[in-house]
Amino acid sequence: IVLASLAAPWLATVDPISINPSQRLRSPSADHWFGTDRFGRDLYSRVIYGGRVSLVVGLSVAGLATLIGLAIGLVSGYLGGRVDNLIMRLADMQLSFPTILVALLIDGLSRSLLPRSVHEQLAVIVVIFAIGISTGVQYARTVRGATLVEKSKDYVHAARLIGMGPLRILFKHVLPNVLGPVLVIATLSLGLAILTEATLSFLGLGV
């Protein structure tokens, strides 16, 4: 699927956005392998080119959510105390809302604040931002738990004793040791991000 999406210009049979009213709602044939839609557009070509959008959104959402989760989780777990309690209560509030609902809210706000022409140009970026923000909290809780474990280990205490600053300890010692679980979550959430983007598009609010 990934290779087919990357090779879309060579594998597509026709222009995916060309409209041919005389070919509306045709069944699969030698000319249109997946048939046509109600505008006469070739579904096979649209699926292949659409795969590019899905892959870009999925990978970008996973990357954005990972960055957000790492930043929040590291700070929350390392500082602890009131900062940790405040961040985690805010995270719990966001987790109480479904991901698709938060994404719909952010997408709706962007549509109301941005001119229509600007929003159409930034549609992919808005979708990536909406889904990334709504899923980043899940990463943060995992990172926070791993950080709580790592910061109590001897190598962190030793780094403090030799005068190493908190930021250096976080990025040089703690971060590499909490990346494992985060990469697993990012891999699993890649498909969920694509499904969420498809849901938004089905509702008329996506790309």
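The values are calculated or read from the model by the stated rules, or taken from the named source; none is laboratory data. Every value quoted in this text rests on a predicted model; they were computed, and no experiment measured them. We place every Cβ from the backbone using ideal geometry, glycine too, and count neighbours over all the protein chains shown. These area figures cover heavy atoms from the full protein model, side chains too; ligands, DNA and RNA do not enter into them. Shrake-Rupley method; radii C 1.70, N 1.55, O 1.52, S 1.80 Å.
Need one word for the range 27-96: rounded, prolate or oblate. Basis is the Cα gyration tensor (sqrt eigenvalues a ≥ b ≥ c); a/c below 1.5 gives rounded, then a/b vs b/c decides. It comes out prolate by the Cα gyration axes. Neighbours of G206 by Cβ distance under 11 Å: Lys/Arg scored +1, Asp/Glu scored -1, total -2.
Let me have the relative contact order for the chain, percent, based on Cα pairs under 8 Å that are six or more residues apart.
Numbers: 254 pairs, mean separation 48.8, N = 207.
So the answer I get is 24 percent.
Using the Cβ of H157 as centre and a radius below 15 Å, the other residues enclosed give a net charge of +3, where K and R count +1 and D and E count -1.
Is the range 85-185 rounded, prolate or oblate when judged by the Cα gyration tensor, a ≥ b ≥ c being the square roots of its eigenvalues, rounded requiring a/c under 1.5 and prolate requiring a/b larger than b/c? Prolate.
Rounded to the nearest 20, the Cβ-based charge dipole of the chain about its Cα centre (Lys and Arg +1, Asp and Glu -1) stands at 420 debye. Relative to the dominant Cα principal axis of the chain, helix 175-202 is inclined by about 30°.
With each label modelled as a point 7 angstrom along the Cα→C-beta vector, the L113-F39 pair spans 2.9 nm. In this simple spin-label approximation, L86 and F171 carry label points 7 Å from Cα along the Cα→Cβ vector, and these lie 2.3 nm apart.
Summed over the residues of the range 55-104 and divided among them, the accessible surface reaches 51 Å² per residue at a probe radius of 1.4 Å. Computed on the range 12-84, with alpha-carbon pairs under 8 angstrom and 6+ residues apart, the relative contact order is 23 percent. For the chain, the longest principal axis of the alpha carbon atoms and the long axis of helix 81-95 meet at an angle near 20°. Globularity index of the range 1-130 is 1.49 (Cα radius of gyration / 2.2 N^0.38 Å, N = number of residues). The residues packed around R38, meaning those with a beta-carbon under 15 Å from its beta-carbon, carry a net charge of +2 if Lys and Arg are +1 and Asp and Glu are -1. Of the trypsin sites (Lys or Arg not before Pro) found in the range 85-172, those in coil by DSSP whose Cβ has at most 14 other Cβ atoms within 10 Å are K153.
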